[in-house]
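S.K.: Take this structure, written in structure tokens, and hold onto it; I'll ask about it next.
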Amino acid sequence: MPPLEPETFYAEIGASTAALAGLVSETDPALPVPACPGWTLRNLATHVGRAHRWAAEITTTRSAEFIPFRAVPDGKFPDDLPAQPAWLNAGAQRVVAAVREAGSDPVWAFGSLQPATFWGRRMAHETALHRADAELATGREPMFAPGLAADAIDEWLGFLSGPVYDRPDPRLEALPDGRALHVHATDGELAGTGEWLVRHEQSAIHVDRGHAQADVAIRGPAARLLLVLTRRVPPGDPAVQVFGDSALLSRWLEHTPL
């Protein structure tokens, strides 16, 4: 896929955080969030605000090492209701400012060093999906721009094909050796760039961009595909088509939780 501009990610962080903050200000914080089993809306908001501060701390300090999630400054979700939206929005502003300032400087990124802009992309998709979690919990329909949704799919599948450290790779159970999954985003504005082939070969999961035959294919708008692939909505979603071995898709989803 053609890469998105960093400013697109920064705008998404701000917009999705503002939407989440609005829901927090008008909703019972004890509301369960079905997409995140065991979490309430308060848990979800706390996670998002801490994640922003965590990524900001990594980039601000140019850390080459993992920083404990709970060790970041100002990580407590306020008990004061009027202060909660401001706390969320402040975290979004902090991470955007930190990543903008750090630019291409190398920082820790899940076991490797990456340009700090990695965290702009990562936090944009993290925030957008959790904003969607809150919307689904409150009966709203999540919306994603097709380009951002396709990039989120690309990032998610890239994580699934990346290295696993210090533990067996559970992803190899998701797709038996020699089998393949095709993902096809049909949005016209993607101009044919929203296709991926996921395959298990030589004891590893590989992801290739482009059209190819597979044992099972899932097809639909990028926004709905993203929600299906990250298990926010079921593969039977009416906007999505499944061709081929649907049991293989179910197995893939079962073994690749987000």
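S.K.: Do you know which of the residues in region 170-198 that are more than 17 Å from Leu248 (Cα to Cα), part of a loop (DSSP other than H, G, I, E, B) and open to solvent by 40 Å² or more (accessible area, probe 1.4 Å) is modelled with the highest pLDDT? Lay out the reasoning, then the answer.
M.R.: Kept after step one, since they are more than 17 Å from Leu248 (Cα to Cα), are these residues of region 170-198: 185-195.
Those still in the list that are part of a loop (DSSP other than H, G, I, E, B) too: 186-187, 191-194.
Then keep just the ones that are open to solvent by 40 Å² or more (accessible area, probe 1.4 Å); that gives 186, 191-193.
Numbers: Thr186: 96, Ala191: 85, Gly192: 81, Thr193: 89.
Per the criteria, the residue is Thr186.
S.K.: Taking the condition of being outside any helix (DSSP H, G or I) and either among the hydroxyl-bearing types (Ser, Thr, Tyr) or farther than 19 Å from Gly49 by Cα (or both), how many residues in region 111-131 meet it? Walk me through how you get there before you give the answer.
M.R.: Step one: of region 111-131, the residues outside any helix (DSSP H, G or I) are 111-116.
Then keep just the ones that are either among the hydroxyl-bearing types (Ser, Thr, Tyr) or farther than 19 Å from Gly49 by Cα (or both); that gives 111-115.
The qualifying residues number 5.
S.K.: Scan region 16-41 and report the pairs whose first residue is of a type in the set (D, E, K, R) and whose second residue is open to solvent by less than 60 Å² (accessible area, probe 1.4 Å), with Cβ atoms within less than 8 Å and a gap of 6+ or a chain change.
M.R.: Once the first residue is of a type in the set (D, E, K, R) and sits in region 16-41, its partners that are open to solvent by less than 60 Å² (accessible area, probe 1.4 Å) give Asp28/Leu41.
S.K.: On the given criteria, is Glu141 more than 13 Å from Ala11 (Cα to Cα) and not in a helix (DSSP H, G or I)?
M.R.: Values: more than 13 Å from Ala11 (Cα to Cα): yes; not in a helix (DSSP H, G or I): yes.
So Glu141 fits the description; yes.
S.K.: Is there any pair linking a residue in region 45-62 that is free of Cβ contacts under 8 Å to residues at least 40 places away in the same chain and under 23 Å from Ala15 (Cβ atoms) to one that is outside any loop (DSSP other than H, G, I, E, B) and open to solvent by 10 Å² or more (accessible area, probe 1.4 Å), with Cβ under 6 Å and at least six apart or on different chains, and which?
M.R.: Close Cβ pairs satisfying both conditions: Trp54/Phe69.
S.K.: Of everything in region 84-118, what is of a type in the set (S, T, N, Q), surrounded by 14 or more Cβ atoms within 10 Å (Cβ to Cβ) and touching a Pro at 6+ places or on another chain (Cβ under 9 Å)? Give them in sequence order. Before the answer, list the steps.
M.R.: To start, the set of residues in region 84-118 that are of a type in the set (S, T, N, Q) comprises 84, 89, 93, 104, 112, 114, 117.
When the remaining residues are screened for being surrounded by 14 or more Cβ atoms within 10 Å (Cβ to Cβ), the result is 84, 89, 93, 114, 117.
Within region 84-118, Gln84, Gln114, Thr117 qualify.
S.K.: Sticking with this one: Pairs only if they're at least six apart or on different chains, beta carbon under 6 angstrom, first in region 189-210 and touching a residue at least 24 places away in the same chain (Cβ under 8 Å), second of a type in the set (Lys, Arg) and in a strand (DSSP E or B); list them, first residue then second.
M.R.: Filtered contacts from region 189-210: Trp196/Arg209; His206/Arg199.
S.K.: If you go through region 1-55 one residue at a time, how many are under 30 Å from His184 (Cβ atoms), part of a loop (DSSP other than H, G, I, E, B), out of contact with any Lys or Arg (no Cβ under 8 Å at 6 or more places or on another chain) and open to solvent by less than 50 Å² (accessible area, probe 1.4 Å)?
M.R.: 2
S.K.: Now, a different point. From the residues in region 199-258 that are open to solvent by less than 40 Å² (accessible area, probe 1.4 Å) and hydroxyl-bearing (Ser, Thr, Tyr), which one is farthest from Glu135 (Cα to Cα)?
M.R.: That would be Thr256.
S.K.: Something else about it: Being open to solvent by 10 Å² or more (accessible area, probe 1.4 Å) and either in contact with a strand residue (DSSP E or B) (Cβ under 9 Å, 6 or more places away or on another chain) or at pLDDT below 95 (or both) is the filter here; which residues of region 144-159 pass it?
M.R.: Pro146, Asp154, Glu155, Trp156, Gly158, Phe159
S.K.: Between a first residue in region 238-258 that is under 18 Å from His184 (Cβ atoms) and part of a strand (DSSP E or B) and a second residue that is modelled with pLDDT under 95 and open to solvent by less than 90 Å² (accessible area, probe 1.4 Å), which pairs have beta carbons less than 7 Å apart while being 6 or more apart in sequence or on different chains?
M.R.: Val242/Pro235
The values are calculated or read from the model by the stated rules, or taken from the named source; none is laboratory data. All figures in this text were calculated on a predicted structure; none of them were measured in a lab. Cβ: placed from backbone, ideal geometry, glycine included. Neighbour counts: every protein chain shown. Note: accessible area is taken over every heavy atom of the protein model, side chains too, but ligands, DNA and RNA are not part of it. Shrake-Rupley method; radii C 1.70, N 1.55, O 1.52, S 1.80 Å.
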